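The values are calculated or read from the model by the stated rules, or taken from the named source; none is laboratory data. Only a predicted model underlies this, so the values are computations on that prediction, with no experimental measurement involved. When we count neighbours, we look across all protein chains shown, and the Cβ atoms used for this are built from the backbone with ideal geometry, even at glycine. Just the protein is used for accessible areas: all its heavy atoms, side chains included, with ligands, DNA and RNA removed. Shrake-Rupley method; radii C 1.70, N 1.55, O 1.52, S 1.80 Å.
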Amino acid sequence: MKLKNYQEKVLNTLKNYLSALNDFKAKYTNALKIDPDVARDYNFPKRAFSQATNKTIYHSKTNGLQEPLPDIYLKVPTGGGKTFLACHSIDLIQKSYLKKQTGLVLWIVPSTQIYRQTISALKNREHPYRQVLDISSGGRTLIKEKTELFNRLDVKENLVILLLMLPSANRQNKETLKVFRDAGGFTDFFPAEDNYPAQNELLDRLPNLDYFGEEEEIFQRQIKTSLGNALKVLKPLVIIDEGHRAYGELARNTIRNFNPSFILELSATPPPNSNELVKITGRELHEEEMIKLDIHLTNKASLDWRDTMLAAFEKRNQLEQKAKEYEQNTGEYIRPICLIQVERTGRDQRGTDFIHAEDAKEFLIKKCSVPEKQIAIKSSEKDDIEGIDLFAKDCEIRYIITKQALQEGWDCSFAYILTILTNPQSATGITQLVGRILRQPNARKTQVKELDECYIYTYKPNAATLVREIKNGLENEGLGDIAGRLVSDEGIIGGQKERHRDSAYRPGFKKFEGKIYLPKFVVQEKDSWRDVIFEADILNAIDWNKADISEISDKTLSDNQAKEQELTLGLSKVEKELLQETGRLETRGTLEIDEAFLARQLSDIVPNPWIAFDLGKQALQLLAKKYDKEIIAANFVFIIEELKKILDKERNRLAENVFRKLLDRKRLFFFLLQDKGHHILPSHINVKSNRQLVRSDNSPIQKSLFDYVPDEDLNDTEKTIAIYLDEQEQLLWWYRNRARKDFHIQGWQRNKIYPDFIAAKSKVPSHSGNTQSQADYDTVYVLETKGVHLKENEDTRYKKSVFALCNELGAKKTWKELFDEFPDNSFKFQVVFEDEWQNKINEIMQS
């Protein structure tokens, strides 16, 4: 499963943090050797966080041994692939910070639903989550539940993922005290009971271990051989899914008392006092086609809930017809599902004034002629979807009736419609059910409008109350920034009519309509021009024989070879024990060097399998000069990962060479084109918003190219920059460039660059008395904004290089020579950082 752009952003930010964490921890470790008292005041997690994020506020944490504890949050909205990111993060933290491939990871989830989904995915070797872990561990991954035992050798030789539900981690929960009970199954992690010196030494080293007795008693202190104590000894990496659920103080203290070496928390809504390393917005998910938007809300005026049901039934049928047409055209199967929220589901609760699950089911069967096998009820008493693959073509289910049982952790991207039949004054459950219909099937837009959006039908609620609850639901799912994409089919959003309109050029800028051309890289084909296609024009032209992989020989391989064990269990001579180990055979691991497997792993970077095979073979030959075959085999997974990093850098280097040679040979051009193939800013844009961007003094913006700029379409940094631009006297107009829709630059890497802003400086100063309609512009600025913490990352360096090339090529041209209609303008491309944008804009305006 390929990472999305925003997922790469998360992992790159985590890499930067881990790099800083390593540097500051090394200083902390050295300080401990010199002066432990001074070292205790050296908060290395805080220093690393501040350097990686440029944030001054950090909430310091310690583990049960009062050691500094890195504890960070990844804020990822619902539908953003938190579990997938967690698996990749485990790989990064294990290798970059903890410096190992094996060990224990404690994975904590908040609910039974999420527990079942996660354990099922992690145990399935074909699932992308498990494959990420297997690549990280070299195929040595063990997935364990609380009731399953593991020993010291398991942890030494494997990546052991122990899954616990949050209540199991809460020391005060009597039902779950088994975690701390002296179960006798984890004796391998502790000294023998009669080895009192070793027991005392371990207790001195880990004073928070649970034990029986006291030091002055005959049998002295006896460490409990419990799972809880085993965790404290192993100092696990802790993953907390939906981390905001773990912020009860008891649960939080219990987790920290496991002596974790690192805590990574993932949630759509981090609580206060959390260390938010990176934040992904709903807009980023939408741009990556992960979620369905717009959300259509139909508020039925009828007082009969059956009318709402009927409307939802008809909409689902329409969607199914669209889905069948889509399948005929593409071969991809979608079966739209309608979720129905009722007020009662209990067996003895029917016949009251409340709408019951059986009432809704009966209506669908008798009035809508829906076959019973297409209807499922999901409640605490009845679970018709347990064990059913809702994505299977032979699954019949099209309606799921529930009260609250589908709230958190239930994911099915076939869910398109939410029908709310509950009392609007009691909004319990609405906020989380909204998130269940947002996921886009296959994480890819169908280009069928109806199948790329989702729908909510409601029954006699107060519209303002309902919209408020739905928007709260979006915020709870980490999608608050897209709440403006809530569309009422009855024209009412929060008590006011939503604007559905085409935003056009401001009257003073009408003369520019259809005439604002922007340069881009194009390829000449005979007598015409076309856009650059990365795969065809750049990637296919790379000469992989020039790839330099010699760096692989500088990698240090571990000589710790895996061992296989064969244990023999026989009848015990001790009456109390049935079986005991009677024999043990240890042999060297049988991990082999598989050159074909290596080539397949490289195919993401090197498209030709034969070339990938040769490059892999060359890398192994280079390593064979330093290491014997057994060492190379034992480090095979590590070698694959390092070689992929090297080849990724080489691909970018070679692709840039190809790009520049195409320019030199006059096959690739940086042009303004008047005929087919030109890029021109749109004449109209569709706007769906209730709130227009305003200046800092709350007055309307005046210099945006279009007459309406939705406030919701900009993040906080972009709003600040847009408003500042709008207030500049020397500026004529500015435009918020829309990602994946408007102007872009195709450079020598696969992903297109979509700048954030396009702004034009006035040719004649505004104080000359000229009006907007009389003024013209001379310089067009193309601006890309970046956070401070991204200043030195690879993506930023790449964009700066492309922009520098654009400026270099643009300086050589007189654009007016290309066609008479275009004024004699110049273009400047700049990357502007969060901590210097104001100074940069001032320089631009004064130049």
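Quick rundown of the values:
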| read-out | value |
| --- | --- |
| Solvent-accessible ranking of M309, M165, largest area first, probe 1.4 Å | M165, M309 |
| Inter-probe distance in nm under a simple model that places probes 7 Å from Cα toward Cβ, at N540 and E718 | 3.4 |
| For region 300-409: rounded, prolate or oblate by the Cα gyration tensor [a/c cutoff 1.5] | oblate |
| Extended-chain gain in nm, criterion 0.36 nm per residue less alpha-carbon gap, H684 and D778 | 31.5 nm |
| Carbon plus sulfur fraction of accessible area for region 319-368, probe 1.4 Å, in percent | 39 |
| Distance between modelled label sites at R667 and Q621, nm, 7 Å Cα→Cβ extension | 2.9 |
| Karplus (6.51, -1.76, 1.60) ³J(HN,Hα), θ = phi - 60°, over region 730-741, in Hz, Gly and Pro reported as x | 6, 7, 8, 8, 9, 9, 7, 6, 8, 5, 6, 10 |
| List R691, R530, R506, R347, ordered by accessible area with a 1.4 Å probe, largest first | R347, R691, R530, R506 |
| Links that overshoot a 21 Å alpha carbon limit, given the list K520/K791; K526/K661; K361/K403 | K520/K791 |
| Simple spin-label estimate for Y754 and S369 in nanometres, 7 Å along Cα-Cβ | 4.5 |
| Theoretical FRET efficiency, 1/(1+(r/R0)^6), r = Cβ-Cβ of Q846 and N22, R0 56 Å, to 0.05 | 0.85 |
| Sequence ranges 359-369, 6-16, ranked by mean other-Cβ count within 10 angstrom, highest first | 6-16, 359-369 |
| Cα-based shape type of region 600-714, given that a ≥ b ≥ c are square roots of the gyration tensor eigenvalues and the cut on a/c is 1.5 | prolate |
| At R0 = 30 Å, FRET efficiency that the Cβ-Cβ distance of K645 and D835 yields, to 0.05 | 0.55 |
| Portion, in percent, of the accessible area of region 28-170 that falls on carbon or sulfur, probe 1.4 Å | 49 |
| Ranked by how many other beta carbons lie within 10 Å on average, peptides 632-638, 552-558 from highest | 632-638, 552-558 |
| Sites E808 and D594 - FRET efficiency at Förster radius 41 Å, r taken between beta-carbons, to 0.05 | 0.35 |
| Summed residue charge, Cβ within 10 Å of N63's Cβ, Lys/Arg positive, Asp/Glu negative | +2 |
| Out-of-range pairs (alpha-carbon distance over 26 Å; input K666/K761; K25/K100; K645/K752; K2/K378; K741/K799) | K666/K761; K2/K378 |
